[in-house]
Amino acid sequence: MPSEVEAETLGSAAVRSLKYCPPIIDMMRLGVLILCPTDIIIQGGAVSWDWLPPILPDANISRAPIGVSSF
C-alpha cells in the first residue's frame, strides 16, 4: 500500500492512505475486521452503494459509507 495516493475528486491532490493511521495498522496486525454497512459497487470507474442511513441534523458527518479526507 502506498503512503499517499492521488484523489481525482480533489483535483489530483495527494491524500494520505491508511499507513498514516496507527490505530488502523494496529487493528490490521491483530486481525480486527471493520465491517462496511453496505455493499460497495464499482462499475466503469464509478463507485456507488444502496444505503440510506438516518439523517442526523445536529451531526457534522458524511452519510457515505466510504470517503476521502483531505486533512
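The values are calculated or read from the model by the stated rules, or taken from the named source; none is laboratory data. Please read all numbers here as calculations on a predicted model, not as lab measurements. Virtual Cβ from ideal backbone geometry, glycine too; neighbours counted across all protein chains shown.
Just a few scattered comments:
- Filtered by the rule that a residue be exposed (fewer than 10 other Cβ atoms within 10 Å of the Cβ) and polar (S, T, N, Q), the stretch 26-56 gives a lone residue, GLN43.
- Lone qualifier among VAL32, VAL15 - being under 14 Å from the mean Cα position of the chain (by Cα) and without any contact (Cβ under 8 Å) to a residue 60 or more places away in the chain: VAL15
- Within the stretch 47-64, residues that are farther than 21 Å from ALA7 by Cβ sit with their Cβ atoms under 6 Å from residues that are modelled with pLDDT of 80 or more, at 6+ positions apart or across chains, in these pairs: TRP51/THR38.
- Test: residue in the stretch 27-42 that is of a type in the set (Val, Ile, Thr) and in contact with a Pro (Cβ under 9 Å, 6 or more places away or on another chain): yes
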